[in-house]
Structure formats: C-alpha cells, structure tokens
Amino acid sequence: MERNITYFISDLHLGARYLPDRRAHEEHVAAFLRSIASDAKALYLVGDVLDYWYEYRTVVPRGYVRFFGALAELADAGVRITWLTGNHDIWLFDYLRDEIGMEVVDGSIVREIDGQRFFMAHGDAIGRLKPSFRFIRAMFRNKWCQRLYSAIHPRWTVPFAYSWSSGSRGYMPGHSSSWAGDMRASVEAWAEAYAALHPDVDYIVLGHHHVVVDQAVGEHCRLMILGDWINHFSYARFDGKSMKMCVYDTK
C-alpha cells in the first residue's frame, strides 16, 4: 500500500496518574500507531504526548517502552515523525530525537503538505492566558530554571510533577474540558485573525484543549483541535486532498 497519509494526534498524557490503567492506555496508543504503519507517510505529535518528561544529561525517565518502540518502528519504516512539545512534555531535549530519529519542535511550525499549508502548535500559548500561566510557562522554558531543576534528585521531582499534573481535573476521565466561555472565544478570535493575515494557510491544527473541533475560520481555512486520548481517542487524517477527524475505538 502506498504511504500517502499524514496523521495528527495530541494530548495522549501517557503515564498520567489519574488514568485507571496506565499500561492499557499505553498499549492502546501503541496499537493505534501499529494500525497506521501501512499507509502513514508522516505523523505529527502535537504536544502533551507524555504527562511528564524530563531528560537529564545521562538519564531519562523509565517507562513508555511500548510507545517508544512503536514510534521507532514507524521511523525505521520511513515515516517522518515530528513532535511539537506541549506544556506537559516541554523538557524533551535530544534523547528521543537521536534515538528514534524524529524532529522535536518547541513552538509552532508552518508546513506545506501535499500542496496544502498547515499551521501547527500545541495551543497552550494561544488565546487569552492567565498571568499565572504565562509566568509558569516562561519559567519552565528558562534555561537557568531548567538547570536548577535538574540538580534536584528525581525521587523528589517526579512525584511532585505528577501530583501537579493530577490537579488538572478538567482533563480527567469523566470530567468536562476547560473549552468554554472566554477561552473558546479568545482561541477562535485568534484563529480568525491568523487566517486573515495568512490567507495561504489552509489548516490551523492545535491540541491542548481536549476537545474535538473542526470549523471554518475565514474563507479558506479550518481550525482543527485534535481532542485527546483520555475521553475522545481522536486524531486527524489528511489524505492529500481533505482533512478529517477520526476516532480510534478498537480496544
């Protein structure tokens, strides 16, 4: 079968302590990756793939073997993999880039895929943000703060990080997303403005909000928010002509 499909997926939150069965969750994701192996030419991981990750210079966190193995198989088969870091997996440095052979991007990118133009970002920096979130986001990306953090033994940092993450109750199974009111309005307004300033962009692809969105913004652009793999098990599929949201529900 010809490899002509580009896939987009985000907010897997692998390893999250609030998941009822972390191993089953990882196996479900790995099964999805194996299912696209025959026709995928590219895979975009649009942030918060891991619920927490910090690479030390010579040590990386344990776990995720099945997921990383499935990614490596795709890469070895010639699938181009791009990982855009989110607010949960921002400390992704060079280990997976070098070991698996993928591109790691901190920030947004614009790519032309089969003649269509895509803007992609995790989405945590888009729309109206609380000052506290802006401060934390900047602190987490500060190189000096990262060096200080790396000096603390993982026996302290890892439990703290997972405890912090578990406070995001809006993303836990059975809870609603934070996508409402001012947040929704501000993201939609940003997308409308971006589409007006960049009429050559056909798709704006985001994660972060844990909702599935496919709506027109402007005359020729669509806003696609990829959902998650906690409540939706959703992804987007582009065949070179059209983009559509899908659900992987095989367990």
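Overview of values
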read-out: Strands (runs of 3 or more DSSP E) (entirely within the stretch 22-136) containing at least 2 residues that are out of contact with any Cys (no Cβ under 7 Å at 6 or more places or on another chain) and within 24 Å of residue 241 (Cα to Cα); value: 40-45, 80-84, 109-113, 116-121
read-out: Check on residue 219, under 18 Å from residue 121 (Cα atoms) and acidic (Asp, Glu); value: no
read-out: Residue in the stretch 10-23 that is touching a Lys or Arg at 6+ places or on another chain (Cβ under 8 Å), on the phi > 0 side of the Ramachandran plot and of a type outside the set (Asp, Glu) present; value: yes
read-out: Which numbered condition residue 3 fails, given (1) at pLDDT 95 or above; (2) part of a loop (DSSP other than H, G, I, E, B); (3) over 20 Å from residue 104 (Cα atoms); value: (1)
read-out: Only listed residue being aromatic (Phe, Trp, Tyr), at negative phi and under 17 Å from the mean Cα position of the chain (by Cα), chosen from 95, 64, 54; value: 54
read-out: Any hit, the stretch 77-92, residues being open to solvent by 10 Å² or more (accessible area, probe 1.4 Å) and among the hydroxyl-bearing types (Ser, Thr, Tyr); value: no
read-out: Given (1) buried (at least 18 other Cβ atoms within 10 Å of the Cβ); (2) farther than 18 Å from residue 232 by Cα, number of the condition residue 34 does not satisfy; value: (1)
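The values are calculated or read from the model by the stated rules, or taken from the named source; none is laboratory data. Predicted model only: the values in this text are computed from it and were never measured. Please note: Cβ atoms are built from the backbone with ideal geometry, for glycine as well, and neighbour counts cover all protein chains shown. Just the protein is used for accessible areas: all its heavy atoms, side chains included, with ligands, DNA and RNA removed. Shrake-Rupley method; radii C 1.70, N 1.55, O 1.52, S 1.80 Å.
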